[in-house]
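Accompanying notes for the structure given below.
The values are calculated or read from the model by the stated rules, or taken from the named source; none is laboratory data. Predicted model only: the values in this text are computed from it and were never measured. Every residue, glycine among them, receives a Cβ derived from its backbone with ideal geometry; neighbour counts consider all protein chains shown. Calculation scope for accessible area: heavy atoms of the full protein, side chains included, ligands and nucleic acids excluded. Shrake-Rupley method; radii C 1.70, N 1.55, O 1.52, S 1.80 Å.
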Amino acid sequence: SRTSFYADKLAESLPTSIRWTDVVIYPEKKREAGDTEEKLLFDKKTINISGKCQKSTELNSWMKEIKKKEWIKDVNLMNYTDDKQSDNGVFSIQVKLK
C-alpha cells in the first residue's frame, strides 16, 4: 500500500540521531466552520512526524534530503524546542505529498 511505502522510504533515510515518537499518515482533516456532516475526512496529501533529535543541524539536513524525493511536494518544520532535561530537540514536521 502507499502508506507503508511512504513510511518505509522516510524511515530509510532517517539518521541515527533522529528518533520518531509519532507518525500520522493521512491525518484527520479539521472541520470547516459550519460543516454539519458527521463523517471523518482525511488529508491524503499529508504526513505528520514528531520526534527527538540530538542536533538541529541533522534534522535540517534530513528535511532537505527527503524534500528531494520525487513524491514529496514540501517539508515544513511546524515546531522545534530544546528539551533541557534530555539535551535533545523535540520537533514536529509536516510532509506534503504530490
Using the structure shown, decide if THR81 is within 16 Å of THR16 (Cβ to Cβ), among the polar types (S, T, N, Q) and open to solvent by 40 Å² or more (accessible area, probe 1.4 Å).
no
Please indicate, with yes or no, whether at least one residue in the stretch 27-41 is within 12 Å of the chain's Cα centre (by Cα) and touching a residue at least 40 places away in the same chain (Cβ under 8 Å).
no
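Would you check which residues across the stretch 72-94 are within 20 Å of LYS44 (Cα to Cα) and either without any contact (Cβ under 8 Å) to a residue 40 or more places away in the chain or in contact with a Phe, Trp or Tyr (Cβ under 8 Å, 6 or more places away or on another chain) (or both) and list them?
ILE72, LYS73, ASP74, VAL75, ASN76, LEU77, MET78, SER92
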Only unsatisfied item for ASP22, checking (1) in a helix (DSSP H, G or I); (2) open to solvent by less than 90 Å² (accessible area, probe 1.4 Å); (3) not hydrophobic (A, V, I, L, M, F, W, C), is (1)
Considering residues of the stretch 51-70 that are open to solvent by less than 40 Å² (accessible area, probe 1.4 Å) and out of contact with any helix residue (DSSP H, G or I) (no Cβ under 8 Å at 6 or more places or on another chain) only, the residue farthest from ARG19 (Cα to Cα):
MET63
